[in-house]
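Written below as structure tokens is the structure these notes are about.
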Amino acid sequence: MAESRQDLHSYETFIAVADDCPATAGEAPKACDGMRTAAQVHYEMVCLSPYEFTQPQVLFAAELAKKGLDPAQHPEGGATWEAFYAKGQPCLRASALGKRYGWGVHFNEEAKVAGYAVDSAEYTRLVGDPAVAHTRAMRTRRA
């Protein structure tokens, strides 16, 4: 599901893990062939730095890591940012955090994101919170 940059901000929303997520506890993603993966960038920014970044910032940082680009040379709002968001981008529902690693993602009232392990009390609280919009991470396999 590709979304435009304008659609990438969510507020007071919780993305629960996918129905087919194999993790029963939150796991930290590992490097693949010594390279940082998108899942690692998502984990570092969403789970280790809660409510510090927005979804567009997280997705852009993962793209820079994938291409081996220095974030200092490619600032938010610059040419690389504009080129990245000139085409639709998948949202955090498509992240391996919720599909494989057992992390739910919460967007606060400022559209900043935080991750909560599926086995945590805060995850359980957010799943049951009627004041928060709910969705699920995308399934890995078709039904």
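Just so you know, all these numbers are worked out from the coordinates, no wet-lab data involved. Since the structure is predicted, the reported quantities are computational estimates derived from the model, not experimental observations. Here the Cβ positions follow ideal geometry from the backbone for every residue, glycine too, while neighbour counts run over all protein chains shown.
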- Message: Being closer than 17 Å to MET45 by Cα and of a type outside the set (A, V, I, L, M, F, W, C) is the filter here; which residues of region 101-129 pass it?
- Response: TYR101, GLY102, GLY104, HIS106, ASN108, GLU110, LYS112, GLY115, TYR116
- Message: So THR80 passes all but one of these: (1) part of a helix (DSSP H, G or I); (2) more than 22 Å from HIS9 (Cα to Cα). Which condition number does it fail?
- Response: (2)
- Enumerate the pairs (first residue in region 111-139 and under 13 Å from GLY98 (Cα atoms); second residue anywhere and part of a loop (DSSP other than H, G, I, E, B) and among the charged types (D, E, K, R)) with beta-carbon separation below 7 Å, excluding pairs fewer than 6 apart on the same chain, so at least 6 apart or on different chains. ARG136/ASP19; ARG139/ASP19; ARG139/ASP20
- Task: Test THR24 against the criterion of being among the β-branched types (Val, Ile, Thr) and without any contact (Cβ under 8 Å) to a residue 60 or more places away in the chain, and give yes or no.
- Result: no
- Message: Please pick out the residue among GLY26, GLY104, GLY88 that is under 20 Å from VAL132 (Cβ atoms) and more than 12 Å from the chain's Cα centre (by Cα).
- Response: GLY26
- Task: Please go through region 84-96 and pick out each residue that is farther than 12 Å from ARG139 by Cα and either surrounded by 11 or more Cβ atoms within 10 Å (Cβ to Cβ) or in contact with a Gly (Cβ under 7 Å, 6 or more places away or on another chain) (or both).
- Result: PHE84, TYR85, GLY88, GLN89, PRO90, CYS91, LEU92
- Task: Considering only region 112-137, state which residues are assigned to a loop (DSSP other than H, G, I, E, B) and under 18 Å from GLU27 (Cβ atoms).
- Result: VAL118, ASP119, SER120, ALA137
